[in-house]
1. For residue 290, state whether it is touching a strand residue (DSSP E or B) at 6+ places or on another chain (Cβ under 9 Å), part of a helix (DSSP H, G or I) and either without any contact (Cβ under 8 Å) to a residue 40 or more places away in the chain or surrounded by 24 or more Cβ atoms within 10 Å (Cβ to Cβ) (or both).
2. Taking residue 265, is it in the same structural domain as residue 283 (by TED's automatic domain parsing), in contact with a strand residue (DSSP E or B) (Cβ under 8 Å, 6 or more places away or on another chain) and either free of Cβ contacts under 8 Å to residues at least 12 places away in the same chain or more than 22 Å from residue 370 (Cα to Cα) (or both)?
3. Can you find a residue that is modelled with pLDDT of 95 or more, surrounded by fewer than 18 Cβ atoms within 10 Å (Cβ to Cβ) and touching a helix residue (DSSP H, G or I) at 6+ places or on another chain (Cβ under 6 Å) anywhere in segment 95-117?
4. Check whether at least one residue in segment 20-28 is closer than 18 Å to residue 170 by Cα, modelled with pLDDT of 95 or more and out of contact with any strand residue (DSSP E or B) (no Cβ under 8 Å at 6 or more places or on another chain), and report yes or no.
5. Return the total of residues in segment 317-350 being in a loop (DSSP other than H, G, I, E, B) and more than 23 Å from residue 211 (Cα to Cα).
6. Give segment 148-182 a look and list any residue that's modelled with pLDDT under 95 and on the phi > 0 side of the Ramachandran plot, or say none.
7. When segment 263-277 is examined, which residues are found to be within 27 Å of the chain's Cα centre (by Cα) and not in a strand (DSSP E or B)?
């Protein structure tokens with residue numbers, strides 16, 4: 001049995017990037033950049049007005065009220081192309097170019113138009129209500145880096161600098177196979193001893209949130225021939241990762257490791273000093289990496305967040321930050337020999353601190369309690385936390 005850091009090293013040593021592709025920007029949210037995004041223009045590309053009002057030289061309005069000659073208009077998309085002279089002003093709109101000869105803008109509310117001019121009621125300092133050219137970024141500078149996720153927040157930057165298409169990492173293809181004679185399809189009513197297949201849909205959601213694509217295979221019983229055929233079918237489609245659930249412990253019907261070995265897979269580890277998730281298996285067959293996860297849903301979720309998501313990030317060359325720190329709200333006792341990943345809800349207290357509150361769970365099969373969790377709080381083996389201590393958390 002190895003510890004978590006050793007398991008992660010095994011994964012890091014084996015898994016590598018899977019390449020890139022170019023896609024249309026309209027489909028890019030959720031993908032990971034495989035190129036650096038560079039500004040091809042200054043932003044803003046001209047001195048830009050922040051207000052609807054009037055542009056002029058600030059020296060002309062040092063003493064107010066003062067009337068200036070109104071000589072034109074600068075609207076967004078069609079700026080005034082002349083050059084202002086002394087005691088002249090131009091009507092200007094928000095977002096419009098500030099004309100040559102002007103170095104300030106006064107807002108509409110502090111001015112009064114006359115027949116052929118405008119009275120400025122309050123003086124302004126140079127650059128007032130003006131965003132200078134290139135003040136946000138200048139041509140040739142970096143906006144985003146390879147490894148950054150494309151989000152609803154930053155996709156506008158791609159569009160603003162001409163990226164109609166963008167180079168992104170290929171999405172890892174993941175197969176999901178739930179095993180166990182007790183597992184039935186979601187739409188069926190469980191009979192005595194049966195449970196619905198909740199793991200597959202959960203893992204598919206986890207995988208897609210992490211940036212992969214996922215396909216759920218039909219549930220397989222604990223029959224050796226059925227398991228062998230199910231694994232062969234999944235391997236035949238050359239997925240980057242195969243996730244199986246169930247069959248990884250030491251019971252009579254826990255056959256996953258034996259079947260994988262018979263198919264020629266290299267078993268890289270099969271037990272981790274981890275709670276929940278101890279019997280996690282990591283193997284490789286051809287170009288497909290296999291994660292055999294425990295059948296209990298909380299164990300399966302923990303193993304995915306710690307191990308499978310790490311492998312996905314490597315394949316994507318993603319610079320993800322899914323960890324943080326929080327104050328634990330209650331005393332937490334770790335385990336003697338295994339690292340504990342405790343499901344916690346997350347809230348902010350009145351002082352603005354992030355607080356991790358342990359969910360009231362009944363063990364690794366308690367998916368009802370787990371539904372309230374937003375993260376796992378990490379408690380190293382042999383340690384404990386008192387209420388108010390700070391723990392590392394891994395967001396789910």
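1. When the stated conditions are applied, residue 290 does not pass them.
2. Yes: the conditions hold for residue 265.
3. No - not one qualifying residue is present in segment 95-117.
4. Scanning segment 20-28, I find at least one residue that is closer than 18 Å to residue 170 by Cα, modelled with pLDDT of 95 or more and out of contact with any strand residue (DSSP E or B) (no Cβ under 8 Å at 6 or more places or on another chain), so the answer is yes.
5. The total comes to 10.
6. Within segment 148-182, just 180 meets the criteria.
7. If the condition is that a residue be within 27 Å of the chain's Cα centre (by Cα) and not in a strand (DSSP E or B), then 276, 277 are the ones that fit.
Listed here are the residues, each with its yes/no results for (1) within 24 Å of residue 246 (Cα to Cα); (2) in contact with a strand residue (DSSP E or B) (Cβ under 8 Å, 6 or more places away or on another chain).
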residue	(1), (2)
299	yes, yes
320	no, yes
339	yes, yes
349	no, yes
354	no, yes
382	no, no
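The values are calculated or read from the model by the stated rules, or taken from the named source; none is laboratory data. On a predicted model such as this, the values are computed, not experimentally measured, just so you know. Backbone-built Cβ (ideal geometry, glycine too); neighbour counts: all protein chains shown.
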